[in-house]
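Read the structure below first, then the notes.
The values are calculated or read from the model by the stated rules, or taken from the named source; none is laboratory data. Just so it is clear, the structure is predicted and the values come from calculations on it, not from any experiment. When we count neighbours, we look across all protein chains shown, and the Cβ atoms used for this are built from the backbone with ideal geometry, even at glycine.
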Amino acid sequence: MTTPLHRYRIVQWIDYRLPIFSWTNEHLVEYPAPRNLNYWWNFGSLAGIMLVVQIITGIILAMHYTPHVDYAFNSTEHIMRDVEWGWMMRYLHANGASMFFVVVYIHIFRGFYYGSYKSPREILWWMGVLILFLMMGSSFLGYVLPWGQMSFWAATVITNLISAIPWIGETLVQWLWGGFSVANPTLNRFFSLHYLLPFLLCAVVFIHLWALHHRKSNNPLGIDVKSPKDTIPFSPYYTVKDLVGLGVMFFVLAIFVFYLPNFLGESINYIKADPLVTPPHIVPEWYFLPYYAILRAVPDKLGGVIAMVASIAILFVLPWLDTSKVRSARFRPIYKQFFWIFLADCFVLGWVGANPVEGSFILIGRIATVYYFAHFLIILPLLGKFERTKPLPESIHQAVLAKKGGADASGAPPDSSAGSSPGGAA
Amino acid sequence: MADTAPESDQASPQGEETRRDFLILAAGAMSAMAAIGVAWPLIETMNPSADVLALSSTEVDISEIEVGQSVTVKWRGKPVFIRRRTQEEIDAARAVPLDDLSDPESDEARVQQAEWLILVGVCTHLGCIPLGNKIGDPRGDFGGWFCPCHGSHYDTSGRIRVGPAPNNLAVPEYEFLDDTLVRIG
Amino acid sequence: MRAQLFAIAATLGLVFAGIGNAVAAGSAAEPPDHEWQHTGVFGTFDRGELQRGFQVFQEVCASCHSLDFIAFRNLLDIGFDVDQIKAIAAEYEVEDGPDNEGEMFMRTAKGSDYFPAPFANPQAARASNGGAFPPDLSVIVKARDGGLNYLYGILTGYEEEAPEGFELAEGMNYNHYFPGHQIAMPEPLYEEAVEYADGTEPTLEQLAHDVSVFLAWTAEPELEIRKKTGLKVLIFIAIFTALIYIIKRRVWAKLH
């Protein structure tokens with residue numbers, strides 16, 4: 001494969017030995033993407049960028065942080081006060097974690113809506129679920145590091161979940177702690193693992209992208225690419241489109257970093273960890289609230305833990321639970337309704353998770369939890385059998401032209417002289 | 001590439017093209033600014049932090065140092081040599097013609113009071129600590145200090161005489177607060 | 001798609017608001033909103049308020065509360081010059097050592113020293129305060145739900161006598177805004193508790209306001225530079241994104 005750069009001898013020389021130029025060209029420039037991807041397809045790239053932001057700011061923070069129970073809280077304040085731009089690095093990292101989850105959750109729900117998990121993208125989807133698990137682990141470990149009250153008690157509560165495992169639970173928890181409670185050995189190993197996980201994440205992201213580029217992107221119509229006319233090269237079309245999303249994302253992130261840096265945090269985490277006093281109201285970070293609600297909806301220790309893990313693990317079998325042959329919700333009128341109900345259910349779970357287990361929250365939490373699982377285990381399998389889907393378009397190419405209202409939706413190549421039609425891209 | 005839709009940019013009007021060139025140029029310039037704007041704070045985080053900079057002076061009580069004796073104190077994480085020189089050592093340092101030195105500096109310029117020689121005890125070659133402060137240490141061929149790492153010899157004014165070190169031992173900023181107290185830094 | 005975006009943004013907004021409220025709701029009354037100069041997008045600290053607040057801290061709070069993360073050199077930020085800071089530091093003694101005999105000794109504080117704590121350790125602090133531990137005040141504004149308004153509410157929310165029927169434990173004080181209303185700290189501020197160096201009238205409200213602002217600064221000394229940087233960053237990103245969007249429109253317009 002040759003690129004414009006190949007006119008340089010040095011490029012030819014390197015590419016013959018290590019085809020980085022051809023490879024970059026194949027995957028980032030000429031990669032044939034469906035021509036109808038909308039802005040919801042930005043979020044994969046954005047998630048990748050957020051991972052990079054977290055790794056860079058994290059490496060800087062690790063240069064100034066001390067993983068020791070006597071110094072962790074103080075070294076965090078040292079970063080905030082004495083290190084040049086330290087406050088910015090910490091606030092970027094803390095709010096960046098939230099941004100990462102926002103972007104990934106939108107990415108996942110985009111997958112739900114357009115059926116991106118269906119054949120032949122099941123392994124691509126599995127890698128995505130694995131990424132979510134790793135992200136959750138990594139963010140939990142990272143939250144422990146500042147060694148505030150919420151850090152300490154989150155670590156205590158979450159690690160105690162493992163003690164629910166019959167027979168070996170207690171032993172396992174002590175092994176995880178390196179002692180009889182969350183203490184210095186725990187903090188030390190959490191720091192080590194928090195540094196390790198992002199690199200595992202990178203590896204899984206690589207496999208995720210490998211699978212993506214092998215079977216190519218899904219698209220809003222959910223139909224397969226049938227001819228070259230259905231695709232456009234990734235550059236410049238999607239590079240520039242992703243950049244627009246990138247700008248918007250960083251704008252939102254900047255608002256939080258510079259003006260609302262502690263809005264998503266817990267004030268109690270600015271109190272140094274005290275193993276003798278539990279704060280009255282323990283809540284996880286917002287991105288864990290729905291799972292937390294599911295955990296608490298089950299009035300049994302082991303059962304709660306199983307339900308919580310299952311709420312994510314169920315995504316692994318989603319490609320087989322959804323029996324519909326049609327991918328995109330655009331052609332599934334009933335599924336589309338259930339998609340929005342499911343999204344609302346997740347918000348309800350989050351809301352319940354943020355509130356104490358009392359009064360009507362208990363009942364609401366249980367109903368929402370049951371619905372969460374019913375969505376996957378009952379609604380999706382049945383919908384595939386009974387739903388009457390709308391007719392699918394012939395091809396992406398035709399659908400795009402029809403939508404533009406062009407006179408020649410029949411598929412004949414239109415005259416290309418109208419380079420700057422006022423309608424532009426939708 | 002054969003498997004993507006052909007583009008249709010043959011017949012764009014001229015004005016359109018230049019306007020886009022300008023936009024791309026502007027976006028490129030802003031990207032460069034953004035890259036610098038991001039890189040700069042990242043690099044600056046590794047500078048000495050405010051608390052480290054604030055600790056940059058230390059006070060030393062020199063009342064108990066005998067003539068001919070040396071002590072080592074810590075300043076900014078590095079050793080500082082304080083030697084109360086004998087008259088012979090002072091004379092030896094002042095007798096050297098500047099032409100014999102690879103880093104010419106007179107002894108008078110390196111001390112505030114002839115008796116007290118205060119130096120940053122870090123070899124200017126690659127940062128080892130020269131020997132010569134403790135009794136029994138080798139002091140090199142010129143009676144000052146000797147760096148065991150790569151064999152640099154310093155004289156009784158801390159000037160480099162033989163060996164790979166390019167410069168004399170550095171003189172820190174210091175001030176005699178009174179007869180017994182010196183503040184370094 | 002635009003409608004979808006709005007719907008999602010609205011839902012997100014509602015949920016966040018819900019979370020915020022849920023978290024903020026304690027067992028005590030919500031402290032009223034007080035006017036602050038430094039909040040808001042362009043707000044900066046008033047140096048006069050900060051310096052008066054520092055005086056209140058020094059003369060009142062510091063007898064029981066530590067301020068671990070603030071060094072004397074930090075006072076440069078609130079408008080004192082180097083000589084003033086040296087003079088302030090010279091009023092304090094800090095432990096140093098060991099000396100040549102291996103003994104710890106006390107010496108006059110320097111700019112690089114941190115505010116000495118009033119008690120050697122939490123146990124000593126409890127012993128002197130009837131079992132209650134006066135918390136460190138460095139990040140207290142960030143460490144309490146309600147932040148500044150809560151702090152101001154506590155300082156001005158004391159009541160001589162508990163309301164009829166309220167069981168006040170021995171040695172406790174009644175406060176409107178403290179969770180549970182029983183606070184171990186006796187009313188710290190009252191009119192003319194401090195004689196201000198700049199002649200400002202030391203009403204209870206003024207004292208509480210100034211010391212709250214001072215503690216807002218100790219919690220967020222980066223506030224001014226943060227907001228200033230943020231404004232530049234936001235303007236830059238907005239222009240950049242608009243530019244990219246125009247380019248995107250033009251690039252895509254070529255597609256048929």
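Go through the stretch C:193-223 and give me each residue that's within 12 Å of chain A (Cβ to nearest Cβ) and not hydroxyl-bearing (S, T, Y). Working first, answer last.
Start the filter on the stretch C:193-223 by keeping residues that are within 12 Å of chain A (Cβ to nearest Cβ), which leaves C:217-223.
Across the stretch C:193-223, the qualifying residues are C:W217, C:A219, C:E220, C:P221, C:E222, C:L223.
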Among the residues of the stretch A:244-259, write down those that are touching a Lys or Arg at 6+ places or on another chain (Cβ under 8 Å) and more than 7 Å from chain C (Cβ to nearest Cβ). none
Name the helices (runs of 4 or more DSSP H) wholly within the stretch B:34-139 that hold at least 3 residues that are over 30 Å from C:Y114 (Cα atoms)? B:87-95, B:107-110
Could you pull out the residue among A:V305, A:V283 that is away from every other protein chain (no Cβ under 11 Å) and within 18 Å of A:A155 (Cβ to Cβ)? A:V305
Can you find a residue in the stretch A:232-251 that is surrounded by fewer than 20 Cβ atoms within 10 Å (Cβ to Cβ) and more than 30 Å from C:L255 (Cα to Cα)? no
Out of curiosity, is C:K254 in contact (Cβ under 8 Å) with a residue 12 or more places away in the chain, under 30 Å from B:A29 (Cβ atoms) and at the interface with another protein chain (Cβ under 7 Å from one of its Cβ atoms)? no
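Quick check on this structure: which one of B:S57, B:S49, B:S63 is surrounded by 16 or more Cβ atoms within 10 Å (Cβ to Cβ) and either more than 14 Å from chain C (Cβ to nearest Cβ) or over 30 Å from C:T229 (Cα atoms) (or both)? Full working, then the answer.
Details: B:S49 fails: either more than 14 Å from chain C (Cβ to nearest Cβ) or over 30 Å from C:T229 (Cα atoms) (or both); B:S63 fails: surrounded by 16 or more Cβ atoms within 10 Å (Cβ to Cβ).
Just one listed residue meets the conditions, B:S57.
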Filtered residues of the stretch C:129-150 (kept if in contact (Cβ under 8 Å) with a residue 12 or more places away in the chain and either more than 12 Å from chain A (Cβ to nearest Cβ) or of a type in the set (D, E, K, R) (or both)): C:N129, C:G130, C:G131, C:A132, C:P134, C:D136, C:K142, C:D145, C:N149
Of the conditions (1) surrounded by fewer than 20 Cβ atoms within 10 Å (Cβ to Cβ); (2) in contact (Cβ under 8 Å) with a residue 24 or more places away in the chain, the single one that A:G350 does not satisfy is (1)
So which pairs qualify, if the first residue must be in the stretch A:176-204 and loosely packed, with under 14 Cβ neighbours inside 10 Å, the second must be in a helix (DSSP H, G or I) and at pLDDT 95 or above, the Cβ gap must be under 6 Å, and the two must be at least 6 apart or on different chains? A:G179/A:P185
Working only within the stretch C:68-97, note down all residues that are touching a Ser or Thr at 6+ places or on another chain (Cβ under 6 Å), part of a loop (DSSP other than H, G, I, E, B) and of a type in the set (A, V, I, L, M, F, W, C). C:F69, C:I70
Please identify the pairs in which a residue from the stretch B:30-44 that is of a type in the set (G, A, S) has its Cβ atom under 9 Å from the Cβ atom of a residue that is in a helix (DSSP H, G or I), counting only partners at least 6 apart or on another chain. B:S31/C:F240; B:A34/C:F236; B:A34/C:I237; B:A34/C:F240; B:G37/C:K232; B:G37/C:V233; B:G37/C:F236
Among the residues of the stretch A:23-48, how many are surrounded by fewer than 18 Cβ atoms within 10 Å (Cβ to Cβ) and in a helix (DSSP H, G or I)? 8
If you go through the stretch C:230-247 one residue at a time, do you hit one that is in a helix (DSSP H, G or I), at the interface with chain A (Cβ under 8 Å from one of its Cβ atoms) and touching a Pro at 6+ places or on another chain (Cβ under 6 Å)? no
Could you list, ordered by first residue, the pairs with Cβ atoms under 7 Å in which the first is in the stretch C:224-241 and on the phi > 0 side of the Ramachandran plot and buried (at least 19 other Cβ atoms within 10 Å of the Cβ) and the second is of a type in the set (A, V, I, L, M, F, W, C) and modelled with pLDDT of 95 or more, at least 6 apart or interchain? none
Do we find a residue being under 30 Å from A:V283 (Cβ atoms) and either aliphatic (A, V, I, L, M) or touching a Leu at 6+ places or on another chain (Cβ under 6 Å) (or both) anywhere in the stretch A:386-395? no
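Residue-wise test of (1) closer than 30 Å to B:L53 by Cβ; (2) at pLDDT 90 or above.
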position: B:T86; (1), (2): no, yes
position: B:A109; (1), (2): yes, yes
position: B:R139; (1), (2): no, no
position: B:G143; (1), (2): no, no
position: B:H150; (1), (2): no, yes
position: B:V162; (1), (2): no, yes
Single unsatisfied condition, A:R215 versus (1) closer than 14 Å to A:I55 by Cβ; (2) modelled with pLDDT under 95: (1)
